[in-house]
Amino acid sequence: MTLLKEEDRQALKEEFSKLQHPVKLVMFTQEMECQYCRETRALVEEIASLSQSLSAEVFDLVRDREIAEQYNIDKIPAIAVIQGGEQPKDYGIRYFGIPSGYEFSSLITDILLVSSGDSGLSTETRDWVASLESPIHLQVFVTPTCPYCPPAVILAHRLAVESDLIRADMVEAIEFPALSNKYQVYGVPRTVINETVHMEGAAPEPMLLTKLQEAV
């Protein structure tokens, strides 16, 4: 049984024909499956089947603890989007929770983004990111029904592509209520920067840059 409609599969095959470098989707689940682990795994494996340039690896959070720690995975379901090939590149792009609804488009955009290795950020942002000396962790809280969430997720992931010091997570707020409560997520998207600085809404790049400067 497939999760995607045939017309969507064909459209994705056409999109994935543009991939410049191979992309690997590394998914973490658990033997005692979590609420959406089974669906997330099925989605990842179906996407990977649509192009020879895509592949999927599935690990158990407990049984494969060392691999999970290598990818900084501490909750499931989780997906790491990695540039594959002879010299794999982990840009620090993570999905925690199933990328369904509007977030499905974020995952597809990220596959193309990671394949290109080009963040597409403005010169001003690139210059500031190049000056970073300390790490930044971005957590973008979303829900599948939020049409404003994907731009916030993609912007955070573009920053992760630009610098090894930046890692960026999409966090599905409903699946991780403890985290949502911790960071006082009452609306989405909500971006949390280094645990302390918060930003509401799908802010444009210059506004996020200001918040990043505040955080460091």
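Where a number appears in this text, it was derived from the coordinates with a stated rule and is not lab data. Just so we're clear, the structure is a prediction, and the values are computed from it rather than from any experiment. Positions of Cβ are generated from backbone atoms using ideal geometry, with glycine treated the same way; all protein chains shown enter the neighbour counts.
Note on region 1-67: semi-axes of the ellipsoid equivalent to its C-alpha gyration tensor, largest first and rounded to whole Å, are 25, 16, 6. Residues Val140, Val197, Val171, arranged from fewest to most other Cβ atoms within 10 angstrom of their Cβ, appear as Val197, Val171, Val140. Longest exposed-loop-site-free stretch of the chain, with GluC sites (Glu not before Pro), DSSP loop and at most 16 other Cβ within 10 Å? Counting at most 16 other Cβ atoms within 10 Å as exposed, the longest clean stretch of the chain is 134-194.
Cβ-to-Cβ counts within 10 Å put Thr191, Thr125, Thr145 in ascending order as Thr145, Thr125, Thr191, the fewest first.
Two numbers describe the Cα atoms of the chain: Rg and Dmax, which are 16.4, 49 Å. Spacing of the modelled spin labels on Gln52 and Ile67, each 7 Å from Cα toward Cβ, amounts to 2.5 nm. The value for region 6-116 of Rg(Cα) / (2.2 N^0.38 Å) is 1.01.
Remark: relative contact order (region 6-116) = 33 percent; criterion is Cα-Cα distance under 8 angstrom and separation of 6 or more residues. Please identify the helices of the chain, taking whole runs of DSSP H, that span at least 18 Å along their own axis as judged from the Cα atoms and have a mean Kyte-Doolittle score of 0.5 or higher. Helices meeting the criterion: 103-116, 149-162. For region 123-215, the ratio of Cα radius of gyration to the globular rule of thumb 2.2 N^0.38 Å stands at 1.02. Please find the FRET efficiency linking Val197 to Lys5, where r is the Cβ-Cβ separation and R0 is fixed at 41 Å, and quote it to the nearest 0.05. E(calc), rounded to 0.05, equals 0.55. The chymotrypsin sites (Phe, Trp or Tyr not before Pro) found in region 109-216 that occupy coil by DSSP, while having at most 14 further C-beta atoms within 10 Å, are Tyr148, Tyr186.
Structural descriptor for the chain: relative contact order 18 percent, calculated from alpha carbon pairs under 8 angstrom and at least 6 residues apart.
Under the rule that an exposed site lies in a DSSP loop and has at most 12 other Cβ atoms within 10 Å, name the longest stretch of the chain with no trypsin sites (Lys or Arg not before Pro) of that kind, not counting the sites themselves. No qualifying site falls inside 64-216, the longest such stretch.
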